[in-house]
Amino acid sequence: MAGFFDRLKNDAAEEWWAFIAHDFVRGLGEGTLPPNCFRHYLVQDYLFLIQFARAYALAVYKATDIASMRHAAAAVTAILDVETRLHVRIAERWGKAPGDLEAATEARATIAYTRFVLDTGMRGDLLDLLTALSPCVIGYAEIGTTLGASAGGRAADNPYREWITEYAGEAYQTLASDARAELQRLADAAMTEARYPKLLAIFRQATRLETDFWQMGLDLAT
């Protein structure tokens, strides 16, 4: 029997495929994504991660047991101490300091996605919030695995190899696996068939907003 996340992904297959197989993702794997597109994306993703850290901090508040609190707190630490540092490290190579990243203006796609997640968490419970977070957390692991296994993604001359390696790496894969397990634990406790359509709607919208985030970067090339 498929787990909760796999059920969501299968029922939102059209949205999911548009997200993980987007032209932006293909460009990362092939190393053909225009540098200005990646740079814009990286700055916006840094701002995105700040808001996602807030969302996981909200998850600590929404949690009803210590295990969920620890999971959410670990996610905050991973975002602030690992993911954002990757962005800073890459951005410093083209002259951007951490303060420059934090001072950047949020794009509409960034605002739309992050505020949707935060609003979902504020209005709903922890299962609602983690469902909204799951396309990003688990989706990046799936993308990392796919790109990391491709010839282009492993190529020494791929300018995005470091980014790919981060999300294909054991640390991030473990984080995503833990997120999937926590989502399943909450679903086992709180998901009903009557509630499922609402959770699927949350998942679909979050996945569409992920796709919009890729497209935001790609639009700079046109």
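The values are calculated or read from the model by the stated rules, or taken from the named source; none is laboratory data. What you are looking at is a predicted structure, and each value in this text was computed from that prediction instead of being measured. Neighbour counts are summed over all protein chains in view; Cβ atoms, including those assigned to glycine, are modelled from backbone coordinates with ideal geometry. The area values use the complete protein model at the heavy-atom level, side chains included, leaving out ligands, DNA and RNA. Shrake-Rupley method; radii C 1.70, N 1.55, O 1.52, S 1.80 Å.
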Completion exercise
Taking r as the C-beta separation of S150 and D65 and R0 as 45 Å, the FRET efficiency to the nearest 0.05 is 0.65
Fill in the blank from the handout: Computed over the chain: longest principal axis from alpha-carbon atoms vs helix 108-123 long axis, angle to nearest 10 degrees, is 20
Exercise for the section: Read phi for every residue in the range 173-184 and hand back ³J(HN,Hα) as whole Hz from Karplus 6.51 cos²θ - 1.76 cosθ + 1.60, θ = phi - 60°, with x for Gly and Pro. Expected result: 4, 5, 4, 5, 4, 5, 5, 4, 5, 5, 4, 5
Exercise for the section: Grab the other residues whose beta carbon is less than 14 angstrom from that of A75, score K and R as +1, D and E as -1, and report the net. Expected result: 0
Handout entry: Convex hull volume per residue for the range 102-200, taking Cα atoms only, in Å³
Key = 138
Exercise for the section: With a 1.4 Å probe and every protein chain kept in, tell me what percent of the accessible surface of the chain is carbon plus sulfur. Expected result: 56
Handout entry: Whole-Hz couplings from phi, Karplus 6.51/-1.76/1.60, listed for the range 79-92; x for Gly and Pro
Key = 5, 6, 9, 10, 5, 5, 5, 4, 5, 4, 4, 5, 5, 4
Exercise for the section: Positive end of the charge dipole of the chain (Lys, Arg +1 and Asp, Glu -1 on Cβ, about the Cα centre): tell me which of P34, G139, A59 has its Cα farthest that way. Expected result: A59
Fill in the blank from the handout: Note to self: with every protein chain in place and a 1.4 Å probe, the range 1-99 gives an accessible area per residue in Å² of 48
Handout entry: Point-charge dipole on Cβ atoms (K/R +1, D/E -1) for the range 1-82, about Cα centre, debye to 20
Key = 260
Exercise for the section: With just the Cα atoms of the chain, tell me how far they stretch along each of the three principal axes, in Å, largest first. Expected result: 48, 35, 31
Handout entry: Principal-axis tilt of helix 196-218 within the chain, Cα atoms, nearest 10 degrees
Key = 10
Fill in the blank from the handout: Largest first and rounded to whole Å, the semi-axes √(5λ) derived from the alpha carbon gyration tensor of the range 1-112 read 27, 23, 12
Handout entry: Principal semi-axes in Å for the range 65-124 [√(5λ), Cα gyration tensor, largest first]
Key = 26, 19, 7
